[in-house]
Structure formats: structure tokens, C-alpha cells
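Read the structure below first, then the notes.
The values are calculated or read from the model by the stated rules, or taken from the named source; none is laboratory data. Worth saying up front: this structure is predicted, and the values here are computed from it rather than measured. Positions of Cβ are backbone-derived with ideal geometry, glycine not excepted, and every protein chain shown enters the neighbour counts. These accessible areas exclude ligands, DNA and RNA; they are computed on the full protein's heavy atoms, side chains included. Shrake-Rupley method; radii C 1.70, N 1.55, O 1.52, S 1.80 Å.
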Amino acid sequence: MPSLPRRMAAEFLGTGALVAIVVGSGIAAQQLSSTDTGLQLLENSTATVFGLAVLILMFGPISGAHFNPAVSLADWWAGRSTRTGLPGIEVAAYISAQSVGAISGAILANLMFDLPAAQVSTHDRVTTGHLIGEVVATAGLIAIIFALARTARTTLAPIAVAAWIGAAYWFTSSTSFANPAVTVGRVFTDTFAGIAPASAPAFIAAQLLGAIIGFILITVFYPSPAAADDIVVQHAPAED
């Protein structure tokens, strides 16, 4: 397995690139289709689906392509008894890299579109429906990842994970953040993809609840005790 610093760098860059894609395509959508919200969402979701699939393919062999604290926590929980998941200290390292990467990605997107780098969103998103949407989106994401891991089909993860996120953009009222780090990153852009700081804690709580529900579903349908240390894509053999 690659060294922890290499994996942290992959999580930082991967999460940062993901947020830059989400925020940047949202800004572009606002500029290109200023009067059509549906078309804006189509443009935003399409870019996210393609970008996420590519990022999983690129960084999966290094870090597992988590890009998401909920996934990293689920990996730790799944492997706690067999010691095959992420150790607790590495979970903390992954989450730190993901969070800093997400904020950096939002700032990068702002700069690419000649907007002020330092922004705070004013987009209040908290409603009961939005929070239910985040529970559903995150539960589905965790369930899909572990279903693939426990049935030795992780090579399908780039397609399956990206497809779920793309679909959830449309069938959930929250447009499927499904990721605490991405939620934090999107606080730092006052654009189409932003979320107000006051809304972020409730979104993150809903996402963590969704992750728990997704893991419960997996223990029902795929009760194999084998943990998924290569949670999204199998790691490459160690080179150092």
C-alpha cells in the first residue's frame, strides 16, 4: 500500500478537484443558462458525473479514492474487528486532507471565474426535505460502495458511484451533496453550488446518519465480515 503521505496527497487533490468541478461547473452553468435553473442543474450534474468517474480512476489505486469523510469512517468501522480497514489515526489524516482539499477546490473555482477567492455562501438550504434528501443520497452511496467491495466488483466503482451521484442530483431535493468535506468546501463559494455556513452542520449530520443507515443495509444484504480496506478501488501494490 502506498505511504500515508502519498495517500493524503491523493485525497487532498482528489477532493479538491471534485469540489472545483462541482463549483466551477455551477458557476459556468449560471453564466451560460442564467434564466433556466433546470438547464443549470443538468450542466452542473453532467460535469460532476464525468469528473467524479475520472477522479476515482486516477486516485483509486493510491488512496482508494474516498474523497469523503463518510466513506473513510465507514471503512474504519467495517475493518475495526479484522484490522483491515483504515486505522483511526489514518481516518483523521484522510478527513483532514479531504476537508482542506475541498476548501481549496472551492477557492480555485472562484479564481478560475475571476471571482473573489474569499467568499462565504449565503445560500440557505436547510429544509426538512433537503435533510431527508441528504440521508437518502448518502445511504445509497455507502450501500453501493460496500456492495461492490463485498462482491469483488470494485472495478465498477467509477461508473456506479458517479451514476448514483448524478441520479441523486435530480431525485433528491438537496441535489445530493452526500459528503461532509464537500459540504464544508461549498461554504466558501457564494455561487450556484454554495451552502450557507448555518446550513452546513445540519447537512453534515444528515449525511452521517445516512452513512449509518447505508452501512446497516449492507450488513443485512451483504453480511460478509470482510472489511473493505480498498473501499472504492483496489490499491496498487506498494512501491515504497
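What to note about this one:
- In this rough spin-label picture, where each label sits 7 Å from Cα along the Cβ direction, the MET58-THR122 distance is 3.4 nm.
- Surface accessible to a 1.4 Å probe, per residue, for the residues of segment 67-122, Å²: 47
- HIS123 accessible area, assembled protein chains, probe 1.4 Å, Å²: 70
- When only the Cβ of Lys, Arg, Asp and Glu is charged (+1, +1, -1, -1), the dipole of segment 49-149 relative to its Cα centre reaches about 240 debye.
- Across segment 60-75, coupling constants 3J(HN,Hα) worked out from phi with the 6.51/-1.76/1.60 Karplus curve, θ = phi - 60°, read x, x, 9, 10, x, 6, 5, 6, 7, x, 5, 5, 5, 5, 5, 4 Hz, and Gly and Pro carry x.
- Distance between segment 169-199 and segment 43-88 - C-alpha centres, whole angstrom: 18
- Computed accessible area, LEU32, all protein chains, 1.4 angstrom probe, square angstrom: 140
- Percent of Cα pairs in the chain per distance bin of 10 Å, from zero to the largest separation: 9, 34, 38, 16, 3, 0.
- Exposure ranking of THR37, THR155, THR175, THR219 by accessible area [1.4 Å probe, largest first]: THR155, THR37, THR219, THR175
- Debye equation applied to the C-alpha atoms of segment 72-118, log10 I(q)/I(0) at 0.18, 0.27, 0.28 Å⁻¹: -0.59, -0.86, -0.89
- Estimated inter-spin distance, ILE159 and GLN31, nm [label 7 Å along Cα→Cβ]: 3.4
- For the chain, carbon and sulfur atoms together expose 72% of the accessible surface, with a 1.4 angstrom probe and every protein chain in place.
- Candidates ASN110, PRO201, ILE212 compared by Cα position along the dipole of the chain: farthest toward the positive end lies ILE212, with charges placed on Cβ.
- Taking all protein chains as shown and a probe of 1.4 angstrom, MET112 keeps an accessible surface of around 110 Å².
- Each residue of segment 196-202 was assigned a 3J(HN,Hα) from its phi angle through the Karplus curve 6.51 cos²θ - 1.76 cosθ + 1.60 (θ = phi - 60°); the sequence is 5, x, 5, 8, 4, x, 5 Hz, with glycine and proline shown as x.
- By the helix-only formula, in which each DSSP H run with n ≥ 4 contributes -39500 (n - 2.57) and the sum is divided by residues, the chain has a 222 nm mean residue ellipticity of -22500 deg cm²/dmol.
- Excluding ligands, DNA and RNA, the accessible surface per residue across segment 133-179 is 32 Å² with a 1.4 Å probe.
- Along the axis of the charge dipole computed for segment 4-224 (Cβ charges of +1 for Lys and Arg, -1 for Asp and Glu, origin at the Cα centre), the listed residues ASN44, LEU148, THR191 are led at the positive end by LEU148.
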